[in-house]
């Protein structure tokens, strides 16, 4: 990490009385865990903190402390404004307007645009939550059991239970420290990675019924009608994309999720050796080599055709 940036961020946080923390729309476990983990540590130090997520907290993370106090829009008048796990300021969606300045940007996406006054971006980190597990004590704040639980959730989800190819012994030691601080590993693992709602499984069924495969590419789609039929109330893929790339012989998995505003949420997952973030960037998104996403204007058919063409090109060029 950049020592000067880390020191500058610590000074701003220690001096602040009020802090507003924002993460990206359609938040995953790292977004929720990082935001709540930092917020709970700052609150334990007596600071007034708000956490804003444009789409709220997904049901699989509502058991985390502080989840019930998450709001839909951040406070631009807070003493210190922090964005976590966001590669671009616009990824905050309606929770943060692009012309509101951000003081501190903490992230691990290789496509991060360094949009804040202070930027701490470590693409090699397994999760933003892992970065915060290291940074919070350095800044002089205590990681409480509740904060540790949120941070460990972020690490668990972004590494799919410590199984991604970028896992390191250092990251495992950070996770062990969080367990020592009171995070219940088995309970958090089950809540974040195993437990599913009945509606989510029905939603999966709709997507799995139209799964396709071509050489090393596996893909499917989820429509607004699928959401209605299944009773699923999220606007994401209920984590189905992570299972597409588990198909034997698959190199890249892609899922297309139709949105009510005339856009399509596209998510890519890849086996080691493939970099799907470069495709996501072409479509206005970003992410990591093995996991990336973008929200693309257009109909489901139009977006699917364009994205599959670009993904096939990557497969052809890399083979």
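Just so you know, all these numbers are worked out from the coordinates, no wet-lab data involved. What you see is a predicted model, and the numbers here were worked out from it, not measured in a lab. Methodologically, a virtual Cβ is constructed for each residue, glycine included, from the backbone with ideal geometry; neighbour enumeration extends over all protein chains shown.
Tell me, in nm to one decimal, what length is gained between residue 179 and residue 229 on full extension, where the rule is 0.36 nm per residue of separation less the Cα-Cα distance?
Taking residue 179 through residue 229 to full extension adds about 14.0 nm, to one decimal.
Treating the angle as unsigned and between 0 and 90°, give the value, to the nearest 10°, between the Cα long axis of helix 169-180 and the longest Cα principal axis of the chain.
That works out to roughly 60 degrees.
Could you quote the convex hull projected area for the stretch 44-126, Cα atoms only and averaged over all directions, in nm²?
6.2
Using only Cα atoms and rounding to the nearest 10 degrees, what angle (0 to 90) does helix 198-208 make with the longest principal axis of the chain?
Roughly 40 degrees between the two axes.
Using 0.36 nm per residue of separation minus the Cα-Cα distance, give me the extension gain between residue 248 and residue 4 in nm, one decimal.
Full extension of this stretch gives 83.3 nm more.
Please give the helix 145-158 orientation as an angle from the longest Cα principal axis of the chain, in degrees from 0 to 90, rounded to the nearest 10.
30
Using alpha carbons only, how many angstrom separate the centre of the stretch 244-319 from the centre of the stretch 114-193?
If you average the Cα positions of each part, the centres end up 26 Å apart.
Over the stretch 198-318, what is the relative contact order in whole percent, taking alpha-carbon pairs under 8 Å and six or more residues apart?
Computed over the stretch 198-318, the figure is 19 percent.
What does the helix-only formula give at 222 nm for the chain: each DSSP H stretch with n ≥ 4 adding -39500 (n - 2.57), the total divided by the residues, and the result rounded to the nearest 500 deg cm²/dmol?
It lands at -11000 deg cm²/dmol.
Taking Cα atoms of the stretch 3-193, Rg/Rh with Kirkwood Rh, to two decimals?
Checking Rg against Rh, the ratio lands at 0.92.
Rank by packing, highest mean first: peptides 93-99, 118-124, 128-134, with packing defined as the count of other Cβ atoms within 10 Å averaged across residues.
By packing density, highest mean first, the sequence is 128-134, 118-124, 93-99.
Which value, in Å to one decimal place, does the Kirkwood hydrodynamic radius take for the stretch 198-318 when every pair of different Cα atoms is included?
About 14.1 Å for the stretch 198-318.
Rounded if a/c is under 1.5, else prolate if a/b is larger than b/c, else oblate: which is the chain, with a ≥ b ≥ c the root eigenvalues of its Cα gyration tensor?
prolate
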